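First the structure, in the form of structure tokens, and then the observations on it.
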Amino acid sequence: MSTEPDLPTLTPRLVSTQATMDRLISAAHHAFATEGFAATSLDRLAETAMVTRGALHHHFTNKAGLFEAVLRRIDAEITVELQEVWLATADPWDGMRSCIHLYLDAVLRPDRKRILLQDAPAVLGVRAFDILAESGFDELVADLQALAEANRITPKDAEALAHLLNGAIASLALWVAESDDENRHARAHTTLAALLDGLTV
């Protein structure tokens with residue numbers, strides 16, 4: 001007799017529940033990105049996702065709850081994008097620099113910018129920043145610590161440096177997003193590169 005534990009299986013009900021939530025999050029992502037949080041109609045969202053208004057409230061309570069789910073989904077997508085770049089880069093410091101620049105581009109992408117940088121602070125308050133800042137923070141500190149120990153960067157306080165970088169990127173992203181000046185994006189990258197250059201030994 002096999003002693004291997006039984007593997008959990010997804011029941012049709014669980015699969016259906018996840019599919020419903022995925023449809024709602026996808027529909028809400030598109031609506032929030034194009035129309036904004038305030039103008040998005042829950043009735044229209046439910047119709048687009050082919051669910052009842054009751055199902056929407058059952059899974060996400062209200063529009064703010066659905067908005068937070070969209071925010072977390074975007075954050076997870078960005079994490080995957082960064083991991084792909086990190087794993088494809090042989091040198092740890094080059095990988096770190098590439099991921100930091102990529103993150104700035106990722107949050108400024110047209111289908112994300114309005115959600116992350118305009119509506120999130122108004123809808124979720126400081127929790128929006130906490131969700132984005134805390135995601136992967138421990139890994140960032142560990143990677144910076146490894147770079148410091150390898151004498152690739154001069155700052156030795158990895159935790160403080162991680163907070164500094166998070167704050168700098170968030171501030172730059174907000175600065176770019178608040179203006180129609182197309183040069184701001186390039187200027188943000190140039191200044192970010194200068195900041196990172198200043199950390200090297």
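Restricting the search to region 1-46, which residues are at pLDDT 90 or above and part of a loop (DSSP other than H, G, I, E, B)? Correct list: 36, 37, 38, 39, 40, 41. Put simply, of 67, 32, 37 the only residue that is open to solvent by 10 Å² or more (accessible area, probe 1.4 Å) and over 23 Å from residue 164 (Cβ atoms) is 37. Of the set (1) open to solvent by less than 50 Å² (accessible area, probe 1.4 Å); (2) modelled with pLDDT of 95 or more, all apply to residue 49 but (2).
Considering 111, 119, 75, 130, the condition of being open to solvent by less than 70 Å² (accessible area, probe 1.4 Å), over 19 Å from residue 192 (Cα atoms) and either in contact with a Ser or Thr (Cβ under 7 Å, 6 or more places away or on another chain) or not in a helix (DSSP H, G or I) (or both) is satisfied by 75 alone. Looking only at region 156-201, residues that are in contact with a helix residue (DSSP H, G or I) (Cβ under 7 Å, 6 or more places away or on another chain) and over 26 Å from residue 75 (Cβ atoms) come to 1 in all. A single entry from 200, 154 fulfils the requirement of being of a type in the set (Ser, Thr, Tyr) and at pLDDT 95 or above: 154. Residues that are under 30 Å from residue 178 (Cα atoms), modelled with pLDDT of 95 or more, crowded, with 17+ Cβ neighbours inside 10 Å and of a type in the set (A, V, I, L, M) do occur in region 91-101, at least one of them.
The values are calculated or read from the model by the stated rules, or taken from the named source; none is laboratory data. Source: prediction; values computed, not measured. Methodologically, a virtual Cβ is constructed for each residue, glycine included, from the backbone with ideal geometry; neighbour enumeration extends over all protein chains shown. All accessible areas refer to the heavy atoms of the entire protein, side chains included, with ligands and DNA or RNA removed. Shrake-Rupley method; radii C 1.70, N 1.55, O 1.52, S 1.80 Å.
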